[in-house]
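What follows is one structure encoded as C-alpha cells, with my remarks underneath.
Any read-out appearing in this document is the output of simple, stated calculations on the displayed coordinates, not a laboratory observation. Because the structure is predicted, anything quoted here is derived from the model rather than measured. Because the Cβ atoms are built from the backbone with ideal geometry, glycine has one as well, and the counts that use them run over all protein chains shown.
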Amino acid sequence: MKKTELVKLIISILICQLAGIIGSIFTTSSVKQWYPLLTKPWFNPPSWVFAPVWTLLFLLMGISLYLIWKKKADKALIIFGIQLLLNLLWSILFFGFRSPFFAFVEIMVLWCAILLTIFSFYRINKIAAYLLIPYILWVSFASVLNLYIVILN
C-alpha cells in the first residue's frame, strides 16, 4: 500500500470515529442522568455494549469510505457524508435534546440514507457496500429500541 493510500485509509477511519466522539459528547451526561430513568424494553442491551459496537461500526464505515474515496466517486461520498451527519444528529436529538420521538423520526431518515449509501457504494465497490451491512443492521435494531422507548415513555 502506498503511503498516500495509507493516509487516506487513516483519514477515512478518523472521520468516522470523530463522528462517534462528537456524538458521545451529547450522550455522556444523559447516559448517566436521564437515560437510566427511562422505561426500556426487555431487549435493551447493557450500556457497556454500545461503545465497542459503535467503535467497530465506525471502523467498518471508515474502511468502506476509504474504498470509495480511492475510486473518486464524489456523489457516493456526498451520500456517505449526509448519512454520517444524520448519524450524529440522532445522538444530538435523543441524548442532547432528550427527545426520543424526534430521534425516532430522524433515525428513519438515517436508515434510508444508509440504504442509499449501500446501494451507491455497491455500484462502485461491492466490498465497501458489504462493510456497511452490520451498520444498517445495528441501526435497524436501534430503531426498534428507539420506538419502544417512545412507546414506553
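With +1 on each Lys and Arg Cβ and -1 on each Asp and Glu Cβ, and nothing else charged, work out how big the dipole of the chain is about its Cα centre, in Debye to the nearest 20.
Numbers: 12 positive and 3 negative charges, 100 e Å.
That gives a dipole near 480 debye.
In order along region 20-37, the phi-based Karplus estimate (6.51 cos²θ - 1.76 cosθ + 1.60, θ = phi - 60°) of 3J(HN,Hα) comes to x, 5, 4, x, 5, 4, 7, 8, 3, 6, 5, 5, 7, 9, 9, 4, x, 7 Hz; Gly and Pro are listed as x. Averaging the sequence gap over all C-alpha pairs within less than 8 Å and six or more residues apart, then dividing by the number of residues, gives region 3-152 a relative contact order of 32 percent. The list [x] 1.28; [y] 1.45; [z] 1.07 gives values of Cα Rg over 2.2 N^0.38 Å, and only one came from this structure; which label was calculated from it? Label of the calculated value: [z].
Using the rule -39500 (n - 2.57) for each DSSP H run of four or more residues, divided by the residues of the chain, the 222 nm mean residue ellipticity is -26500 deg cm²/dmol. Per-peptide packing, taken as the mean over residues of other Cβ atoms within 10 Å, places 124-135, 79-90 in the sequence 79-90, 124-135 from highest down.
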